[in-house]
Amino acid sequence: MQDFITLEQIDEAAAVVRERTAHSPRIGMILGSGLGELANLVEEADVIPASEIPNWPKSTVAGHEGRLVIGKLAGQTVLVMQGRSHYYEGYSMSQITMPVRVMQRLGVEMLFVTNAAGAIDPDFVPGDVMILTDHISLLAMAGMNPLRGPNLEEFGVRFPDMSQPYDRGLQKLAREAALEANVPVREGVYICLAGPSYESPADLRFLRTIGADAVGMSTVPETIVARHGGTRVLGISGISNKANLDGSTATTHEEVLEAGKVIVPKLKAILMGVLRRL
Ligand code: HPA
């Protein structure tokens, strides 16, 4: 496992992407578990399998397809990452966030990041969609910050501000888009754990106590790296399961993928609406 990705490795990957597309994407999108089918809507698409990009972490999980789709969506030029890699697969934090670095080198200004998450807020139900207003970077607090290691000065400062991880302007556009599409949305704080095991009931009560509304295994590392490089972030969770605070039911990956089917049309409406408003 390589702890720290270098600028040379990032640029090697960016060069391959540039060779394979004439598009200059302004918006990057990372689509989480079961949510990848949005990529099928991209027009004039150039598709690059992740396996053909040097230094790119390859996803090992069902539901994460691992390709880049670059083209037009709702009038914008987008780079969609269908499938992402996770810390639990054994990659370093620097490796899993390397695609965000490549996007930044390609000129991406905004990152839309989606994930499947478990509900901690007792009012949330599977199929709900939550706009991220903030996150708790529990892993980063414990030392697993993707910015640990030599600072890549080309992207940002050693001690980056994190006062607005999720861009308020983009949140507003997401609310407006949801309203227009008649999609009810939740809002709240997302927390990223390492996984891959789901939470115990006591874990969940702890997460609720510290202020989290939804829990997952991604997004926060990508957001931290995006913000370090000045990229504006919109984060949306698809709530795939009720967190099991009393231990009465089990959580499965199948359930997470199944809920994706209800969530995809909602996410699609919101993200397309935001793109149209940019
Ligand atoms: N916990 C952690 N990650 C998840 C969950 C969950 O309940 N659902 C989807 N991803």
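What per residue convex hull volume, in Å³, comes out for segment 92-218 when only alpha-carbon positions are used?
Given the Cα convex hull of segment 92-218, per-residue volume reads 130 Å³.
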The chain: relative contact order as a whole-number percent, Cα under 8 Å and 6+ apart
26 percent
Pick from Leu132, Leu170, Leu41 the residue whose mean-square fluctuation is largest in a GNM of the chain, springs joining Cα atoms under 10 Å.
Leu41
Per residue of segment 186-198, in order, report the coupling 6.51 cos²θ - 1.76 cosθ + 1.60 (Karplus, θ = phi - 60°) as ³J(HN,Hα) in whole Hz, putting x for Gly and Pro.
9, 9, x, 9, 9, 10, 9, 10, 6, x, x, 6, 6
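Need the full-extension length gain, Glu180 to Glu254, defined as separation in residues times 0.36 nm minus the C-alpha distance. One decimal, nm.
Details: separation 74, 0.36 × 74 = 26.64 nm, distance 3.11 nm.
In short, 23.5 nm is gained.
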Residues in segment 80-115, backbone N under 18 Å from the label point at Glu187 (7 Å along the Cα-to-beta-carbon vector): list them, ranges by number please.
113
In debye, nearest 20, what is the charge dipole magnitude of the chain about its Cα centre with +1 on Lys and Arg Cβ and -1 on Asp and Glu Cβ, if you could check?
480 debye
Past 25 Å, Cα to Cα, is the threshold; run Lys72/Lys242; Lys72/Lys268; Lys58/Lys266; Lys242/Lys266 against it and keep the listed order.
Lys72/Lys242; Lys58/Lys266
Within the chain, what's the longest run with no GluC sites (Glu not before Pro) in a DSSP loop and at most 16 other beta-carbon atoms within 10 Å? Give the range, please.
155-278
What percent do you get for the relative contact order of segment 1-133 when only Cα pairs under 8 Å and 6+ apart count?
35 percent
Which of Val157, Leu139, Ser94, positive extreme of dipole for the chain (C-beta unit charges)
Val157
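Using a Förster distance of 41 Å, how high is the FRET efficiency between Asp11 and Arg168, based on the Cβ-Cβ distance and rounded to 0.05?
0.80
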Can you list residues whose amide H is under 5 Å from Asp128's amide H, if they're 5+ apart or on another chain and H is modeled 1.01 Å from N?
Ile239
Can you tell me which aspartates and glutamates have their Cα less than 16 Å from the Cα of Lys172? Leave out same-chain residues fewer than eight positions away.
Asp134, Glu180, Glu187
Cα gyration tensor category, rounded, prolate or oblate, for segment 167-239 with a/c compared to 1.5
oblate
Set the Förster distance to 25 Å, then compute FRET efficiency between Asp123 and Asp203 from the Cβ-Cβ distance, nearest 0.05.
0.80
If the chain between Arg26 and Lys72 were fully stretched, how many nm would it gain, using 0.36 nm times the residue separation less the Cα-Cα distance?
15.5 nm
For the residues Ser200, Ser218, Ser92, Ser163, what sequence is obtained by ranking on other C-beta atoms within 10 Å, fewest first?
Ser163, Ser200, Ser92, Ser218
Tabulate in residue order the Karplus-calculated ³J(HN,Hα) for segment 75-86, using 6.51 cos²θ - 1.76 cosθ + 1.60 with θ = phi - 60°, rounded to whole Hz; enter x for Gly and Pro.
x, 10, 8, 10, 10, 9, 9, 8, x, 10, 9, 10
At 0.36 nm per residue, minus the direct Cα-Cα distance, what do Glu153 and Arg276 gain on full extension? Give it in nm, one decimal, please.
41.0 nm
Which net charge results for the neighbourhood of Leu179, defined as the other residues with beta-carbon distances under 14 angstrom from its beta-carbon, given Lys and Arg at +1 and Asp and Glu at -1?
+3
How would Asp123, Asp128, Asp46 line up from fewest to most surrounding beta-carbon atoms within 10 angstrom?
Asp123, Asp46, Asp128
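None of the figures in this text is laboratory data; all of them are computed from the coordinates on show. Only a predicted model underlies this, so the values are computations on that prediction, with no experimental measurement involved. Here Cβ is always computed from backbone atoms with ideal geometry, including for glycine, and neighbour counts include all displayed protein chains.
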